[in-house]
1. Which residue, of B:184, B:153, is within 18 Å of residue A:69 (Cβ to Cβ), at pLDDT below 85 and surrounded by 20 or more Cβ atoms within 10 Å (Cβ to Cβ)?
2. Against the conditions (1) surrounded by 22 or more Cβ atoms within 10 Å (Cβ to Cβ); (2) more than 18 Å from residue A:68 (Cα to Cα), where does residue B:117 fall short? Just the number, please.
3. Quick one: how many residues across the range B:72-91 are more than 10 Å from every other protein chain (Cβ to nearest Cβ) and assigned to a helix (DSSP H, G or I)?
4. Determine which member of the set B:100, B:104 is closer than 21 Å to residue B:135 by Cβ, at pLDDT 85 or above and either in contact with a strand residue (DSSP E or B) (Cβ under 9 Å, 6 or more places away or on another chain) or facing chain A (nearest Cβ under 10 Å) (or both).
5. If you take the residues of the range A:168-179 that are surrounded by fewer than 17 Cβ atoms within 10 Å (Cβ to Cβ) and touching a strand residue (DSSP E or B) at 6+ places or on another chain (Cβ under 8 Å), which of them is modelled with the highest pLDDT?
6. Can you pull out every residue in the range B:100-147 that is over 18 Å from residue B:172 (Cα atoms) and assigned to a strand (DSSP E or B)?
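The values are calculated or read from the model by the stated rules, or taken from the named source; none is laboratory data. The shown structure was predicted, so the numbers you read here are calculated from the model rather than taken from an experiment. Positions of Cβ are backbone-derived with ideal geometry, glycine not excepted, and every protein chain shown enters the neighbour counts.
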């Protein structure tokens, strides 16, 4: 009877331990994920280094390389501000260097050999068995994905702020239905009832071009009407505008 | 008495052996039955998804995963959207469960941090990563959803937001609200995002 009691005790002990197994696991591996902290980022820290675009929602289509920002889109920095209802960003393969390179592509030969090799990764090698330095070299030769075009649509407003050191300076504002930014040409073209304003002056035209590489200079193509305060003048010159 | 005692001993040993098997250290899986049905708790969850050509499309990670039917409830989920035609998970340096899971870098981090992340062996094969605190993965539709803050990271742009739906088979991610994006344009084109050239030390920011 005593032996029965001992056996019963042993089994009960083990079962009790088994019953608490999930709790033991949770404690044992809980610390493994402690490095995954996402709460330490403050908005102020982010905005110190980069211009942040805000929007109500976003659709990121990695298959077609299109990113769409939807609703109350705002791009704001110290000198420029763009607002619109929708912003579509297009990516394309480009031989130019991107900031952080491109993803590694698998080497077919390496992957064929891979199947036979044990999954041991030597220091300085990746899982394809290639030297990490060789990989870095390969990155430079591969095509990169870069932003090729950005299209803003719906109540587009571009504002070029007056320089703070210019007491007579006034903000320049351009409005249109659509704005297309061409990354190669570094130009923004505003179309669809475009109008440029500075103070009480307004200028209408076929389109407005903003030359990024020329200090964001704005010019109105084929300006039709100058409006200054209560009076307005017609003008048939082919282009107008200025810094 | 002797026969009965032997039967009891044999039964006890059987139970003991079964219990010891469950207690094997490091076992990443445990199961519990509850009155409403059964579920499985998985630790260090990794789920690779292949397309019709047997290429890896993406990997879903989770610190823990509770599997109830076709739904998997993940904590600290990460989606690694793979770029290229990898046909075996052994070609990819997956996140080592012994190390802490990688955290997403801050939105607008400086270049050296971005380079360190994207040249890491864990990320070199990646097109993009999505991080969150909790998410639900539907295995039948391959859609991952979350109401919590989400962090999308790619080489061209980073985005933070609240809530997301990741249609993994289409590599399509919808961020539901409060979206904040940082674009990485080509160096010259960064002027659209950066202060105008007239301001001194402007170029130093990037």
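1. B:184
2. (1)
3. Here the count works out to 0.
4. Result of the check over B:100, B:104: B:104.
5. A:177
6. Passing the criteria: only B:134.
Every residue, every condition in (1) over 12 Å from the mean Cα position of the chain (by Cα); (2) within 8 Å of chain A (Cβ to nearest Cβ); (3) at pLDDT below 85, yes or no:
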{"site": "B:53", "(1), (2), (3)": "yes, no, yes"}
{"site": "B:70", "(1), (2), (3)": "yes, no, no"}
{"site": "B:93", "(1), (2), (3)": "yes, yes, yes"}
{"site": "B:109", "(1), (2), (3)": "yes, yes, no"}
{"site": "B:115", "(1), (2), (3)": "yes, yes, no"}
{"site": "B:138", "(1), (2), (3)": "yes, no, no"}
